[in-house]
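Visitor: Shown below is the structure under consideration.
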Amino acid sequence: MRTEAKVFGIIAALMFAAAAVYLWWTGSGAVAHTEWAGGTALVVSGLMSTLCAGYFALVARRMPPRPEDRPDAEIADGAGTVGYFAPPGFWPFGIAIAVATGAVGIALSQWWLLGTAVIASLLAIAGLVYEFYAGSPESR
């Protein structure tokens with residue numbers, strides 16, 4: 001996780017530097033009109049990258065170094081079980097359709113459509129959560 005923390009730290013530094021240059025560049029010149037929307041977007045991007053870097057650094061302190069983080073690691077050190085992955089399913093697609101339907105309901109002031117979308121999204125979220133418990137115990 002140390003590698004990821006370094007990568008996101010570099011990205012955050014670049015975003016903050018780009019925000020400073022952007023705000024300076026738009027504030028100088030003939031018009032002298034600072035364009036705040038782009039600068040704010042760059043600063044928020046830097047803050048989100050800093051958040052990711054901090055999280056990865058915190059996780060890296062709690063676990064032993066992975067082969068990716070050790071300079072003396074061999075290729076064989078990374079062999080074996082990679083991790084546990086969620087089973088494939090269509091629940092994220094159902095959540096997306098339900099949320100899109102809710103947005104259309106809000107845009108068109110059709111509150112019955114929004115209510116239907118909220119119920120559908122709750123059912124799809126429940127399906128996503130309980131997806132790990134589907135099937136027989138032997139298949140898990």
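The values are calculated or read from the model by the stated rules, or taken from the named source; none is laboratory data. All of these numbers come straight from a predicted model, not from anything done at the bench. Ligands, DNA and RNA are stripped out before the accessible areas are found, and what is left, the full protein with its side chains, is counted by its heavy atoms. Shrake-Rupley method; radii C 1.70, N 1.55, O 1.52, S 1.80 Å.
Visitor: State in Å² the accessible area per residue of segment 1-139; use a 1.4 Å probe, count heavy atoms of protein chains only, and round to the nearest integer.
Guide: Value for segment 1-139: 74 Å² per residue.
Visitor: Continuing with the same structure: Per the helix-only calculation at 222 nm, which mean residue ellipticity applies to the chain, given -39500 (n - 2.57) for every DSSP H run of n ≥ 4 and division by its residues, nearest 500 deg cm²/dmol?
Guide: Helix-only estimate at 222 nm: -22000 deg cm²/dmol.
Visitor: OK, next. Rounded to whole Hz and in sequence order, give me ³J(HN,Hα) for segment 33-50 from the Karplus expression 6.51 cos²θ - 1.76 cosθ + 1.60, θ = phi - 60°, writing x for Gly and Pro.
Guide: Residue by residue, segment 33-50 yields 10, 6, 9, 7, 5, x, x, 5, 4, 5, 5, 5, 4, x, 5, 5, 5, 5 Hz.
Visitor: Right, here's the next one. What number do you get for segment 53-140 when its Cα radius of gyration is normalised by 2.2 N^0.38 Å, N = residues?
Guide: For segment 53-140, the normalised Cα radius of gyration is 1.74.
Visitor: Let me ask something additional. Semi-axes, largest first, in whole Å: what does sqrt of 5 times each Cα gyration tensor eigenvalue give for segment 1-81?
Guide: After diagonalising the Cα gyration tensor, the semi-axes are 39, 12, 8 Å.
Visitor: On the protein heavy atoms, probe 1.4 angstrom, tell me the percent of accessible surface of the chain carried by carbon and sulfur.
Guide: Looking at the chain in its full context, I get 73 percent from C and S.
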